[in-house]
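Written out below as structure tokens is the structure these notes cover.
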Amino acid sequence: MNVTVEIERRDSDPVKPEWACPSCHQPARLADLRANLMVCPHCGFHLRIGARERIRQLVDEGTFRELWSNVLTLDPLKFTDLETYPERVREAQAKTGLNEAIVTGTAAVDGTQCVLAVMDFGFMGGSMGSVVGEKLWRSTELAAGEDLPLVAVCSSGGARMQEGILSLMQMAKTSCAVDLINEATSPFVTILADPCTGGVVASFATLADICIAEPGAQLYFTGPRVIAETTHEKLPQGFGSAERNLQLGHLDAVVARKDLRVRVGNYLRLLGGGEEPDRVTTTIGRERGKGGMGQTALERAKAFATYARRPFVRGDREAAGEAEEPAAREPSP
Amino acid sequence: MTVEIARHKGRPRTRDYIGYLIDGFEELKGDRLRADDPAIVGGLGWFRGRAVLVVGHQKGTTLDEQELHSWGMAKPEGYRKAQRLFALAERHGLPVLSFVDTPGAYPGVAAEEGGQARAIADTMLRMARLSVPVIATVIGEGGSGGALALAVADRVLMQENATYSVITPEGCAAILWRDAAFAPQAAEALKPTAAHLLELGVVERIVAEPRGGAHHNPEVAAASVAEAISEALAELDGIAPQERRRRRRERFRQLGQWFDPELPPGTLSLFGGYSTALR
Ligand SMILES: [Zn+2]
């Protein structure tokens with residue numbers, strides 16, 4: 001499990017609590033904290049969680065199939081600051097157990113099959129470089145091509161400076177990816193988790209059909225420090241918070257972590273031609289289009305695996321001829 | 001150091017290029033929601049006898065002008081003005097010529113709370129959707145998302161001494177070196193030069209400037225820009241409208257370098273995974 005809490009304590013230690021909330025300062029046991037989805041049981045403060053933990057909480061148990069985990073970071077600029085870029089990447093990999101700042105795949109959310117992309121702030125601040133952009137592109141392409149919804153959990157400090165201009169270009173790349181998924185009319189939902197800033201919040205993260213955030217998440221393009229240094233303005237109370245963004249009209253809803261699965265699942269059914277929950281007769285989800293949703297879970301996993309191995313050298317869907325459809329993705333009877 | 005020429009006070013601005021390139025320019029103001037942002041100028045005019053839409057960041061030259069135009073740092077109303085002008089161009093089949101010259105989007109409370117993030121994102125998405133030809137020219141500082149918002153184009157041209165970067169050298173130094181004094185090192189590491197961007201495929205063409213920079217002879221600089229735009233436009237005219245949109249998407253899709261061991265051998269390219277067959 002990829003959690004951010006690293007406080008250790010012996011059971012015999014009578015003084016120091018296992019964990020103290022950074023917001024309300026009340027103590028809690030780590031086991032209770034985990035059971036409460038890494039949300040403070042006293043005040044509801046949402047701790048940051050890694051991609052693996054997020055997936056565990058958000059999707060139906062055992063439904064996640066990871067794709068493209070082996071797409072690896074290069075060093076196009078041979079970038080060195082106080083450390084080399086490859087060193088920073090290796091450290092982030094060791095710390096998070098992930099290859100990059102995003103985990104992608106397919107899963108069911110409250111019964112609806114979808115493509116899932118989850119960013120991990122623990123990996124170099126969730127920064128968006130070429131790999132993040134590429135995996136997001138593939139996610140939208142899969143969603144568009146398979147008539148599946150896309151759910152993205154966004155948590156990022158912005159562009160990956162170490163990839164220079166190419167990291168900036170990922171903003172354009174992911175915005176073009178949104179054009180692709182919009183054209184296919186696949187539902188697209190983003191969940192903004194603390195913090196979501198810079199180039200990510202100014203590209204695909206805010207371009208979704210439905211854009212929600214977790215309570216207390218910090219969301220902004222330009223941060224308080226830069227504003228203070230440049231314009232010397234006084235920041236209003238709650239600047240950049242999810243709650244204030246909701247008030248200002250920039251979000252559809254602020255949703256507590258414990259409610260995310262059901263709320264997102266409902267969005268997907270509402271937008272994707274699904275049925276009202278109490279009328280659903282199976283838990284498989286919708287059977288729309290030729291996305292193979294009538295297949296068994298195993299058949300679907302195989303089909304996605306075939307898709308994942310396919311070289312990504314084709315054009316956009318609108319230009320791709322039917323003849324290019326791989327045999328393994330034929331619609332089931 | 002290139003950054004200094006790109007930021008030179010006397011460097012021709014978007015309005016100067018409009019003056020040299022566009023006949024009968026009709027400026028169109030306002031976002032039709034709440035305001036007009038002077039940091040982005042736009043309007044209709046004739047480029048070599050053809051009706052076009054022009055949109056660009058305006059920095060200003062004198063201190064008064066610079067203050068009026070917020071040094072080319074646009075607010076949400078500026079990006080929304082660009083969006084509604086893009087829609088106008090699309091409706092009437094006019095090519096879009098954009099000029100990029102900004103240190104970045106405006107970093108203020110009202111801009112943030114007015115939806116800066118979404119305004120930038122939406123501008124990129126609406127540019128991506130256009131079926132008319134779109135040509136962007138980086139004429140000074142191409143600073144971060146605030147610059148890119150006007151550069152989701154079919155062809156991106158860049159003047160020899162212009163820069164285009166994910167972050168200012170000062171900002172990068174402050175974060176990665178924890179000291180803005182390391183800006184020269186950051187500028188070196190970020191490689192924001194036209195030559196490097198051409199190599200990465202981020203721009204299609206470098207536009208030559210008079211010796212010492214565009215400010216030494218703006219008229220000659222503008223003539224080179226006009227020639228480059230004209231050639232790019234001729235190329236794009238030969239492509240069907242929806243195909244232009246598809247190729248624009250494909251253009252940005254290919255930007256980035258990564259390695260995918262699961263791709264069959266032979267499909268790898270310099271770009272770390274892409275088949276060269278697409279280029
Ligand atoms: Zn608490």
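The values are calculated or read from the model by the stated rules, or taken from the named source; none is laboratory data. Predicted model, so just to flag it, every value in this text is computed and none were measured. Methodologically, a virtual Cβ is constructed for each residue, glycine included, from the backbone with ideal geometry; neighbour enumeration extends over all protein chains shown. We work out accessible area using only protein heavy atoms, side chains counted, and drop any ligands, DNA or RNA first. Shrake-Rupley method; radii C 1.70, N 1.55, O 1.52, S 1.80 Å.
So that you can scan it fast, the table gives a plain yes or no per residue for (1) assigned by TED's automatic domain parsing to the domain that holds residue A:66; (2) of a type in the set (Val, Ile, Thr); (3) farther than 19 Å from residue A:65 by Cα:
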residue	(1), (2), (3)
A:102	yes, yes, no
A:113	yes, no, no
A:131	yes, yes, no
A:145	yes, no, no
A:162	yes, no, yes
A:171	yes, no, yes
Review point. Got a sec? Which of A:61, A:66 is away from the ligand (no atom under 15 Å from the Cβ) and either within 14 Å of chain B (Cβ to nearest Cβ) or part of a helix (DSSP H, G or I) (or both)?
Key: A:66
Revision key, fill the gap. The condition from (1) at pLDDT 95 or above; (2) within 10 Å of another protein chain (Cβ to nearest Cβ); (3) within 20 Å of the chain's Cα centre (by Cα) that residue B:243 misses is numbered (3)
Check your understanding: helices (runs of 4 or more DSSP H) wholly in the range B:86-158 with at least 2 residues that are open to solvent by 10 Å² or more (accessible area, probe 1.4 Å) and assigned by TED's automatic domain parsing to the domain that holds residue B:218 - which ones?
Key -> B:109-113, B:116-129
Check your understanding: Can you name every residue in the range B:108-151 that is more than 8 Å from every other protein chain (Cβ to nearest Cβ) and among the hydroxyl-bearing types (Ser, Thr, Tyr)?
Key -> B:123, B:131, B:137
Exercise for review: Can you confirm whether the range B:19-32 contains a residue that is at pLDDT 95 or above, in contact with a His (Cβ under 8 Å, 6 or more places away or on another chain) and either assigned by TED's automatic domain parsing to the domain that holds residue B:97 or within 18 Å of residue B:159 (Cα to Cα) (or both)?
Suggested key: no
Exercise for review: For residue A:82, indicate whether it is at pLDDT 95 or above and either crowded, with 24+ Cβ neighbours inside 10 Å or part of a loop (DSSP other than H, G, I, E, B) (or both).
Suggested key: no
Study note, to complete from the structure: When the range B:195-223 is checked residue by residue, the ones that are touching a residue at least 60 places away in the same chain (Cβ under 8 Å), surrounded by 15 or more Cβ atoms within 10 Å (Cβ to Cβ) and either assigned to a helix (DSSP H, G or I) or on the phi > 0 side of the Ramachandran plot (or both) are B:201, B:213, B:214, B:215, B:218, B:221, B:222
Review point. In this structure, does residue A:124 turn out to be away from the ligand (no atom under 16 Å from the Cβ), out of contact with any Pro (no Cβ under 9 Å at 6 or more places or on another chain) and open to solvent by 30 Å² or more (accessible area, probe 1.4 Å)?
Key: yes
Revision key, fill the gap. Within the range A:69-79, the residues that are hydrophobic (A, V, I, L, M, F, W, C) and part of a loop (DSSP other than H, G, I, E, B) are A:71, A:74, A:77, A:79
Exercise for review: Of all residues in the range A:47-76, count the ones that are under 15 Å from the mean Cα position of the chain (by Cα) and acidic (Asp, Glu).
Suggested key: 2
Study note, to complete from the structure: Of (1) at the interface with chain B (Cβ under 7 Å from one of its Cβ atoms); (2) modelled with pLDDT of 95 or more, residue A:227 satisfies every one except (2)
Point to revise | Restricting the range B:163-191 to residues that are touching a residue at least 60 places away in the same chain (Cβ under 8 Å) and assigned to a helix (DSSP H, G or I), the residue that is nearest to residue A:225 (Cα to Cα) | key: B:169
Review point. Which residue out of A:117, A:92, A:107 is in the same structural domain as residue A:260 (by TED's automatic domain parsing), farther than 16 Å from residue A:71 by Cβ and not in a loop (DSSP other than H, G, I, E, B)?
Key: A:107
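Report, by residue number, each residue of the range B:139-171 that is of a type in the set (Phe, Trp, Tyr) and more than 19 Å from residue B:256 (Cα to Cα).
none
Name the residues in the range A:224-252 that are part of a loop (DSSP other than H, G, I, E, B) and farther than 16 Å from residue B:117 by Cα, would you?
Residues satisfying the conditions are A:231, A:232, A:233, A:234, A:235, A:236, A:237, A:238.
Considering only the range A:50-74, how many residues are open to solvent by 20 Å² or more (accessible area, probe 1.4 Å), in contact with a strand residue (DSSP E or B) (Cβ under 8 Å, 6 or more places away or on another chain) and either farther than 27 Å from residue B:257 by Cα or in contact (Cβ under 8 Å) with a residue 40 or more places away in the chain (or both)?
Residues in the range A:50-74 being open to solvent by 20 Å² or more (accessible area, probe 1.4 Å), in contact with a strand residue (DSSP E or B) (Cβ under 8 Å, 6 or more places away or on another chain) and either farther than 27 Å from residue B:257 by Cα or in contact (Cβ under 8 Å) with a residue 40 or more places away in the chain (or both): 9 in total.
Just name the residue that is nearest to the other protein chains (Cβ to nearest Cβ) out of those in the range A:13-55 that are within 13 Å of the ligand (Cβ to nearest atom) and in a helix (DSSP H, G or I). Quick ask: steps written out before the conclusion?
Going through the range A:13-55, the residues within 13 Å of the ligand (Cβ to nearest atom) turn out to be A:17, A:19-28, A:32-33, A:36, A:38-47.
Narrowing further to those that are in a helix (DSSP H, G or I): A:32-33.
Values: A:32: 36, A:33: 31 Å.
In this case the residue turns out to be A:33.
This table checks each residue for (1) hydrophobic (A, V, I, L, M, F, W, C); (2) open to solvent by 20 Å² or more (accessible area, probe 1.4 Å); (3) in a helix (DSSP H, G or I).
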site: B:12; (1), (2), (3): no, no, no
site: B:32; (1), (2), (3): no, yes, no
site: B:45; (1), (2), (3): no, no, no
site: B:55; (1), (2), (3): yes, no, no
